[in-house]
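Below is one structure, written out as structure tokens; the observations come after it.
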Amino acid sequence: MRQNPNAAFMIAVQAATKGGAMPIAIGEPGMGKSAVMFALAEKMNRQLIVMIGSTMDPTDFGMPCIVKNDSGKEVVRMIPREFVMKCREQPTIIFMDEFSNTSPAVFSAELTMIQDRRMGDDHLPDDTIFAAAMNPADISANGIELPPPMANRAYHHPWRLDSDAVIEGYLSGLQFPKPEPPILPDRWTDDIPANGAMVAAFLTKMPSIMHSFPKDRAKQSGPYPTPRSWNYGVRLLAAAESAGVDRSISLQLLAGVVGDAAALQYFEYIDNLDIPDMGKMLDDAAGYVRSKGKQAWKYTHPKRTDQVIAMLAQLNSLIIKDPTALRWDAAMLILQEMADKPNCKEVIVGSVRPIMQAMPKDCTIPPQLTASIWSVVQAVMA
């Protein structure tokens, strides 16, 4: 199937529930941004509520009204608009078009809505998704650059024209094909721990990239690395992995929150990580457990702490995706070998919780575990 040129944006929208970055599509007028949002909302079985930035003012986010509280005293409350009630009735995407054409007061209200999921004195459901679209500031009437607090909470997506779909529509009597977005599985968040550990390994090796606030004001309105944006990056990497898209989409997603330079360095690091094949190591350890020690296996320990973290990330992912008793016992064997190495216990305690939480119901702590790994298990399971 042909991959939509804006597949990364569609994935980012689906991952933009509470805790995720708000996707912003940035492109010239007439390129199909709104059409994609309507098609995506339909595919996700969500209602789409459209807000036009250039026509909004702060009262759209709550109207002051005098009401009586539980004690009978008159107080002022901010009464939300009717669509807040609609958000409670069914899952919703709030799509803010012409996002950069708003006043500073409206930006402040939007930031409160996005960050706190609150409009007036009412809260929106946690599963409400926010997305936005805007023209580049230099071609937008009354457009402004995004304030840094807003920019650092967003996934910035340079919109790409789907020229194949346009041509197909012209050849079909203006019957344009609906976009076919990659849909995230229900348990896509299962891939968050492993991706988080890989990012932790990278930042352990290159701590200067954890936070780098740009000095250029124009760049402050785009993606740049902060602990918050790396957090968003972990979620987006997990979403891309679960959707089974190619690496170019993962790179787009990460670059959209931490910037091109940081994203390229991350993937270069992954390419040159030089750690053992954890799939093969787990299979060999499982053979050892199954044969009760008759089949040989070998644990290979890396030289650097970041490599240990990366090995644990891959081990987490392997166990979470197939948590059989045999594989879990094999993982414990690997952890035992790792914990006996210098300065590794602390790394294990910080990284291995997903494996412990995935322990099968019919599984017990393997008897071959040494005291060193048992203390780690107790610390994590407490």
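The values are calculated or read from the model by the stated rules, or taken from the named source; none is laboratory data. All figures in this text were calculated on a predicted structure; none of them were measured in a lab. With ideal geometry, Cβ positions are generated from the backbone for all residues, glycine too; neighbour counts draw on all protein chains shown.
Looking at the stretch 141-157, can you tell me whether even one residue there is farther than 27 Å from Gln115 by Cβ, in contact (Cβ under 8 Å) with a residue 24 or more places away in the chain and buried (at least 18 other Cβ atoms within 10 Å of the Cβ)?
No, there is no match, as no residue in the stretch 141-157 is farther than 27 Å from Gln115 by Cβ, in contact (Cβ under 8 Å) with a residue 24 or more places away in the chain and buried (at least 18 other Cβ atoms within 10 Å of the Cβ).
What number of residues within the stretch 100-134 are among the basic types (Lys, Arg) and either within 20 Å of Met10 (Cβ to Cβ) or part of a strand (DSSP E or B) (or both)? Before the answer, list the steps.
Of the stretch 100-134, the ones among the basic types (Lys, Arg) are 117-118.
Restricting the remaining residues to those that are either within 20 Å of Met10 (Cβ to Cβ) or part of a strand (DSSP E or B) (or both) gives 118.
Matching residues across the stretch 100-134 total 1.
Report those helices (runs of 4 or more DSSP H) wholly inside the stretch 231-330 carrying at least 2 residues which are charged (D, E, K, R) and within 27 Å of the chain's Cα centre (by Cα).
260-271, 305-321
Residues to consider are Asp274, Asp329, Asp306; find the one that is among the acidic types (Asp, Glu), over 30 Å from Ile24 (Cβ atoms) and exposed (fewer than 15 other Cβ atoms within 10 Å of the Cβ). Break it down into steps so the answer makes sense when it comes.
Working: Asp329 fails: exposed (fewer than 15 other Cβ atoms within 10 Å of the Cβ); Asp306 fails: exposed (fewer than 15 other Cβ atoms within 10 Å of the Cβ).
Exactly one residue qualifies, and that residue is Asp274.
Which ranges mark the strands (runs of 3 or more DSSP E) fully within the stretch 1-99 that have 1 or more residues being of a type in the set (Ser, Thr, Tyr) and at pLDDT 90 or above?
92-97
Which numbered condition trips up Ser212, out of (1) part of a loop (DSSP other than H, G, I, E, B); (2) among the hydroxyl-bearing types (Ser, Thr, Tyr); (3) closer than 21 Å to Ser351 by Cα?
(3)
Mind checking which residues of the stretch 331-355 are part of a helix (DSSP H, G or I), among the basic types (Lys, Arg) and more than 17 Å from Asn195 (Cβ to Cβ)? Before the answer, list the steps.
Looking only at the stretch 331-355, we keep the residues that are part of a helix (DSSP H, G or I), and these are 331-339, 345-351, 353-355.
Now narrow it down to the ones that are among the basic types (Lys, Arg): 345, 353.
The one that is part of a helix (DSSP H, G or I), among the basic types (Lys, Arg) and more than 17 Å from Asn195 (Cβ to Cβ): Lys345.
Taking only pairs six or more apart or across chains, which ones have beta-carbon atoms under 8 Å, a first residue in the stretch 1-15 that is under 13 Å from Ala243 (Cβ atoms) and touching a residue at least 40 places away in the same chain (Cβ under 8 Å), and a second residue that is among the polar types (S, T, N, Q) and surrounded by fewer than 24 Cβ atoms within 10 Å (Cβ to Cβ)?
Met10/Asn4
Quickly run through the stretch 195-209 and pick out the residues that are assigned to a helix (DSSP H, G or I) and either among the hydroxyl-bearing types (Ser, Thr, Tyr) or farther than 17 Å from Tyr232 by Cα (or both).
Thr204, Lys205, Pro207, Ser208
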